[in-house]
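The values are calculated or read from the model by the stated rules, or taken from the named source; none is laboratory data. Bear in mind the structure is a predicted one, so any value in this text is a computation, not a measurement. Using ideal geometry, Cβ is built from the backbone for each residue, glycine included, and neighbour counts are taken over all protein chains shown. Accessible surface areas use protein heavy atoms only, side chains included; no ligands, DNA or RNA. Shrake-Rupley method; radii C 1.70, N 1.55, O 1.52, S 1.80 Å.
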Amino acid sequence: MTLQMILDSIGAWSSLRDNQDATQINALFSVGNYFKYTRETPKNLETEVGKIYYMHAYMGVFENKLKIFMIDAANDTQAQYESPEGILPYITVCSLHEETGNVGGEITKQEAMLRIGAWNADHETWIENKVETPENIFQAFAIPESDLHEGQQLKIYFALKANPSPEIASADLVVVEKTGTSAKQVLYYDMVRPVPPFGSFAQSNFYLLEIS
């Protein structure tokens, strides 16, 4: 995809939010509940010990299909956009897939399944209610880079932090990592943040939103 296609896709998702089009948003999610992402070695990223670095996962719509655009927060900037190489080489395009069975594994399986199951069961009602709230449905997620191990293909599931009342649950992502043939899985979910609300994040840090 070209950069303009990606920006138009993010803009198309924003239009669905602005129009509070829960029907179309639910139709996009009807084809799947997770996307695959392989973390590559970050380019030109200088890290400091003890500092949390994030990936940004943007929602988009391309050819009537949901797309997720992954980019290091450190590259999601005006400076990167205006650099000679531009911002496009740092964006990974992901598609939605469907999985109806268990994700399995021994590590925090019960909590992970609860949150993934809550999305599968309740996301239609949740979306219908969420689009009518002041903050509306998410435009992106901030995922700690420490949750995304390099070289591993990850399955990232849409989830809801379980709540007795589905309409006030919080959007979440569950990251599942499988290594080798042992079916070992490592699940992360507490640090993933949907935006909006931007909270401690500056909205200007999500540069692809600024230009889409």
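Some notes on this structure:
- Proximal charge balance of residue 58 [Cβ under 13 Å; K/R count +1, D/E count -1]: -2
- Near residue 5, once Lys and Arg are set to +1 and Asp and Glu to -1 for all other residues with Cβ below 14 Å from its Cβ, the sum equals 0.
- Estimated D of region 51-96 in µm² per second, where Rh is the Kirkwood radius over Cα pairs and Stokes-Einstein applies at 20 °C, 1.002 mPa s: 187
- Solvent-accessible heavy-atom area per residue, rounded to whole Å², over region 1-41 at 1.4 Å: 46
- Rounded to the nearest 10 Å², the accessible area of residue 29 at probe 1.4 Å: 10
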